[in-house]
Amino acid sequence: MKKIIIAIVLLNFYSCATNRVLITVECKLNDAKGSRVTINIPKYKNQQVIKADAEEGVEYVFWYKDSSAIYVSTFKGGANLNYENIRNTPDAYNKRFSSTNVNLQGVDVAGKAWREIKREDLYVGYFRINMKDKQVFDQAIDDYILK
């Protein structure tokens, strides 16, 4: 309980530091177990849910006014948002597909932060994040809960 309170206080602190209001979202994965990902993210402008008929998986993308995004994906091969960033980072593309658990991150050509965490068949990441907001987005994807 003490850890939860500390996490809430830290999230609120980071939220105030970047003028971002945090909200809790739940992403229902389309697996046989009925799994869900719960994640505290900055308030977003639009939500996009992508399901493909020919492929198992689902992807949730939460878009912000500045065209940055945070995502949760179970598509085989992961989300498409960071594809170019991962391809342009030495060894990242191979790690993404050859490892069960991997944490990839970097800065894109526009100077924006990107990051993707892969745990088994779950990909959680962010795309085109301003460096001043990186800490709050890192906290969000580090602390997701898979139920």
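Evaluate the following for GLY34: is it at positive phi and either surrounded by 11 or more Cβ atoms within 10 Å (Cβ to Cβ) or touching a residue at least 40 places away in the same chain (Cβ under 8 Å) (or both)?
So GLY34 fails the test.
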* Please specify each residue of region 110-128 satisfying the condition of being in contact with an Asp or Glu (Cβ under 9 Å, 6 or more places away or on another chain) and of a type outside the set (D, E, K, R). => ALA113, TRP114, ILE117, TYR123, VAL124, GLY125, TYR126, PHE127
* Does GLY57 qualify as being under 13 Å from the mean Cα position of the chain (by Cα), modelled with pLDDT under 95 and not basic (Lys, Arg)? -> no
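Table: residues versus (1) part of a loop (DSSP other than H, G, I, E, B); (2) surrounded by fewer than 22 Cβ atoms within 10 Å (Cβ to Cβ); (3) in contact (Cβ under 8 Å) with a residue 12 or more places away in the chain.
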| position | (1), (2), (3) |
| --- | --- |
| ASP53 | yes, yes, no |
| GLU59 | no, yes, yes |
| PHE75 | yes, yes, yes |
| THR89 | yes, yes, yes |
| LYS95 | no, yes, no |
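Please pick out the residue among VAL124, VAL136, VAL102 that is in contact with a Lys or Arg (Cβ under 9 Å, 6 or more places away or on another chain), in contact (Cβ under 8 Å) with a residue 24 or more places away in the chain, among the β-branched types (Val, Ile, Thr) and assigned to a strand (DSSP E or B).
Working: VAL136 fails: assigned to a strand (DSSP E or B); VAL102 fails: in contact (Cβ under 8 Å) with a residue 24 or more places away in the chain.
Answer to the selection: VAL124.
The values are calculated or read from the model by the stated rules, or taken from the named source; none is laboratory data. Since the model is a prediction, treat every value here as computed from it, not as a measurement. Backbone-built Cβ (ideal geometry, glycine too); neighbour counts: all protein chains shown.
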